[in-house]
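Take a look at the structure below.
Values in this text are rule-based calculations from the coordinates and carry no lab data. Model, not experiment: these values are computed from the prediction. Quick reminder, even Gly has a Cβ in these numbers, built from the backbone with ideal geometry, and neighbours come from all protein chains shown.
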Amino acid sequence: KVGLERRRSSRTRRGDKYSVLLPTYNERENLPLIIWLLVKYFGDSGYDFEIIVIDDGSPDGTLQVAEQLQKIYGEDRILLRPRAKKLGLGTAYIHGIQHATGNFVIIMDADLSHHPKFIPRFIEKQKEGGYDLVSGTRYRGDGGVYGWDLRRKLISRGANFLTQVLLRPGASDLTGSFRLYKKEVLERLVERCVSKGYVFQMEMIVRARQLGYSVGEVPISFVDRVYGESKLGGNEIVSFVKGLLTLFATT
């Protein structure tokens, strides 16, 4: 136990702090569990952290649940930065970064498809190679996808294959949204990205390559959302293809 406490304190003394950005929309069932898991794994590993919840006017009462969680875990750990309506993922990150006090930023989904147990591995990977960003990958090592039907798997694999062929990005999983960034790197990338929706994550990696940033990868298990409905529909697929072609033409 003494050794564990020493490791914890030494990590904290390094001065690194991790700001987790959680954009939410109708996640009242998932939010208590994802925050509990984040607090648990950060607590076990000893890294300093904060969780920034960016709710886009969820009609299901997600913000009210977040307020209760803030009372439980404290305002120093849970920051609420809500917006009046759904304004998109890119602007949610910009909004969150403005309030982040960490020198590293972690982005992930709030629907439990990204398990916080992988975060210590992201941090270790970043420290090993001094990477500018570390991305979770479903398509290397022991990474994988669980809970998807054949249609979703085919769409994801097809999108990733097309992206690899057209853009040659130097990363194995372009459409994932579980990543760790140096804060200044994320700020610069978000400023340059113009895509919306599911293309946004892909453009972030492509722009990172353009700017010469180093990218590390950690295999992750992606699990389909536990509660609520998936937000992937026909419109998003059409938007993805359009965005991919735009990136191909302009990068």
Requested in this report: Between Gln68 and Asp224, with labels modelled 7 Å along Cα→Cβ, what's the label distance in nm to one decimal, could you check?
Outcome: 2.8 nm
Report task. Take the cross-link list Lys85/Lys196; Lys40/Lys117; Lys40/Lys85; Lys17/Lys86; Lys86/Lys196; Lys71/Lys183 and give me the ones stretching past 20 Å between alpha-carbons. Result -> Lys40/Lys85; Lys17/Lys86; Lys71/Lys183
Query raised in the report: Counting only residues 5 or more places away or on other chains, whose amide H sits under 5 Å from the amide H of Ser221 once H atoms are built in the peptide plane?
Result: Gly144
Query - Karplus (6.51, -1.76, 1.60) ³J(HN,Hα), θ = phi - 60°, over region 114-126, in Hz, Gly and Pro reported as x - result: 10, 8, x, 4, 7, 4, x, 5, 4, 5, 4, 4, 4
Report task. State the extension gain, in nm to one decimal, for the chain segment bounded by Leu37 and Ser214, taking 0.36 nm per residue of separation less the distance between their alpha-carbons. Result -> 60.9 nm
Report summary line: With x for Gly and Pro, the residue-by-residue ³J(HN,Hα) of region 135-142, computed from phi through the Karplus equation 6.51 cos²θ - 1.76 cosθ + 1.60 at θ = phi - 60° and given in whole Hz, is 10, x, 10, 8, 10, 9, x, 9
Report task. Kindly write out, for region 50-58 in residue order, the coupling ³J(HN,Hα) from the Karplus curve 6.51 cos²θ - 1.76 cosθ + 1.60 (θ = phi - 60°), rounded to whole Hz, with x marking Gly and Pro. Result -> 8, 10, 10, 8, 10, 8, 9, x, 4
Query - In range of the label at Ala84: residues from region 61-75 whose backbone nitrogen is under 18 Å from the point 7 Å along Cα→Cβ - result: 63
Query raised in the report: Using a simple spin-label model with points 7 Å from Cα along the Cα→Cβ vector, what separation in nm is obtained for Glu187 and Asp142?
Result: 3.8 nm
Query raised in the report: With +1 on each Lys and Arg Cβ and -1 on each Asp and Glu Cβ, how big is the dipole of region 47-107 about its Cα centre, in debye rounded to the nearest 20?
Result: 220 debye
Report task. Tell me which residues come under 5 Å, amide H to amide H, from Phe49 once H is placed; ignore anything under 5 positions away on its chain. Result -> Tyr18
Query raised in the report: Counting only residues 5 or more places away or on other chains, whose amide H sits under 5 Å from the amide H of Thr24 once H atoms are built in the peptide plane?
Result: Ile54, Asp55, Asp56
